Amino acid sequence: QAFGLPANKFLILFGAAKISDQRKGADFFIKACRLLASFSDIEIILMGNNGDELSRLLPFKTHILGYLSNEGQIAKAYSCADAFVIPSLEDNLPNTIMEAMACGTPCVGFTTGGIPEMIDHLQNGYVAEYKSAEDLANGIRWVLEHPDKESLSKACVEKVKRCYAEEIVAKQYIHLYEDIL
């Protein structure tokens, strides 16, 4: 309701500080969406700058949120989505995946950088073959058709708690420093 989004649609979130940045993989997102065009219940949420450019190229109705800087608004956006798609062509350990999963939103991304370490394939999301729009579409379809969306959402939150909570990361640094000393 906060963003005027429909409750009866499958909402896919695509976002980056600058959506049109080629490294964020918008071209592959567009191709994947075109492969899914037969699904009439999909709508897209775009979060970040330059959403207007991308929205014209997508076969689905789009909701452009623009660049959000307020943490509460960002969390609401992730929570509204049924899936967060991150087709980055180069990335290390994207905070956006942690943020989305902390909100219970499954992620779909390519096998690049730290993405395969963050998304547990077919457990809390889908890791697609690098630069394959077809496999990216398969991942979106997998989330869309998942029979138990509640358990999928819980698996996302559990992964973040288990691997990325401040206490966990702090302990890892302490152990590293102790080993070095």
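Our note on the geometry: Cα centres of the range 37-91 and the range 104-181, 19 Å apart. The range 92-177 gives an Rg/Rh value of 1.02, both radii derived from C-alpha positions and Rh following Kirkwood. Each of Leu89 and Lys154 was given a label point 7 Å from its Cα along the Cα-to-Cβ line. The distance between the two points is 4.0 nm. Across the range 1-136, the mean sequence separation of Cα contacts (distance under 8 Å, 6 or more residues apart), normalised by length, yields a relative contact order of 24 percent. Seen against the Cα atoms of the chain and their longest principal axis, helix 26-35 is set at about 50 degrees. Between the listed residues Ala170, Leu181, Ser79, the Cα displaced farthest toward the positive end of the dipole of the chain, a dipole computed from Cβ unit charges relative to the Cα centre, is found at Ser79.
In the structure displayed, which of Lys131/Lys161; Lys131/Lys171; Lys76/Lys159 lie more than 25 Å apart, Cα to Cα? The answer is Lys131/Lys161; Lys131/Lys171. The lysines whose alpha-carbon is closer than 17 Å to the alpha-carbon of Lys61, local same-chain residues fewer than 8 away aside, are Lys9, Lys31. About its Cα centre, the dipole of the range 94-181 is roughly 140 debye, where the only charges are +1 on Lys and Arg Cβ and -1 on Asp and Glu Cβ.
Modelled label positions at Ala7 and Leu68, each set 7 Å beyond Cα in the direction of Cβ, lie 1.9 nm from each other. Over the chain, the pair-distance histogram of Cα-Cα distances with 10 Å bins from zero comes to 10, 39, 36, 10, 4, 1 percent, rounded to whole numbers. Largest first, the three principal axis extents of the alpha carbons in the range 43-123 are 32, 28, 21 Å in whole numbers. Legend: calculated FRET efficiency, Lys18 to Leu181, from the Cβ-Cβ distance at R0 = 30 Å, rounded to 0.05, equals 0.15.
A short reminder: the numbers here are calculations on the coordinates, not readings from a lab. These figures come from a predicted structure and were not determined experimentally. Note that we place each Cβ from the backbone using ideal geometry, even for glycine, and neighbour counts take in every protein chain shown.
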